Amino acid sequence: MRRPITISSKPTFLRLYKALYKAFGPQQWWPGETPFEIVVGAILTQNTNWRNVNNAIQKIKQAGLMDPMKLHAHYRRIPALIRTAGFYRSKAKCLRAFLKYYIEKYGARTEAFAKKGTRAIRKELLSIRGIGPETADSILLYALRRRVFVIDAYTRRILSRHDIIEHDLPYDVLQQTIQKNLPASRKIYNEYHALLVRTGKEFCKKNEPLCNACPLGTMLPRA
DNA sequence: ATCCGGACCA
DNA sequence: TGGTCCGGAT
């Protein structure tokens, strides 16, 4: 029986964050050069490691297509360009759907896109097939610098293994819980997610987690 | 060979 | 609830 921690453990989320920051330092996310490139990366990184995504991004750049109008004009080339990111057919469709939306609604202009409220943009993004909550929130946080906490598989795994949250809470519930228990800081949200991803990849593996070597190893709930 | 990861669909 | 989409790391 897991018990979700809420009010009584408000400092817990921050303690974890501080431990990770101390261990790993700032993660310098997101590595994309422009908001558009960050959107592309956010879509491509679904179910994939960043290394494979970066490969695809370089391909797009080498083709001179890291631009919404150009990429849309050559959308038939997208599957081949992004193949290494995996799920390339679905992701190509998603990319194309985003491009259509971005061009038709905002003239492919970041400033126009970024003018809208966070909730409105989130709703619009979620209506695009292939963009779910994590991808939408990644775009909001990292491309548009909105104060939104991104939930992913690593977040669920790390926090639930530490008995801080229940693993199966719905995305939005989990997001609200975390945001309520953290300072309302965009920079902390940015850094925290990046630190959780790093921790998940390196230590909090799905099978055989490396708790002894993990910076959070001493903060484990009593077994 | 098996593992890993978001979103959608039936 | 379980299947499907995918390539690259291990």
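With the checklist (1) touching a helix residue (DSSP H, G or I) at 6+ places or on another chain (Cβ under 8 Å); (2) within 16 Å of DNA strand B (Cβ to nearest atom); (3) at positive phi in hand, flag the one item A:N47 doesn't pass.
The single condition A:N47 does not satisfy is (1).
Restricting region A:148-188 to residues that are over 23 Å from A:M219 (Cα atoms) and within 13 Å of the chain's Cα centre (by Cα), which is surrounded by the most Cβ atoms within 10 Å (Cβ to Cβ)?
A:V148
Identify all residues within region A:83-119 that are within 16 Å of DNA strand C (Cβ to nearest atom), farther than 13 Å from A:P68 by Cα and aliphatic (A, V, I, L, M); write none if there are none.
Correct list: A:A85, A:A92.
Considering only residues that are of a type in the set (G, A, S), more than 29 Å from A:L125 (Cβ to Cβ) and modelled with pLDDT of 95 or more, which ones fall in region A:1-59?
Correct list: A:A19, A:A23, A:G25.
Can you spot a residue in region A:38-53 that is more than 13 Å from DNA strand C (Cβ to nearest atom) and among the charged types (D, E, K, R)?
No, that holds for no residue.
The values are calculated or read from the model by the stated rules, or taken from the named source; none is laboratory data. Everything numeric here is computed off the predicted structure, so don't read it as measured data. FYI the Cβ positions are ideal-geometry reconstructions off the backbone, even for glycines, and counts take in every protein chain you see.
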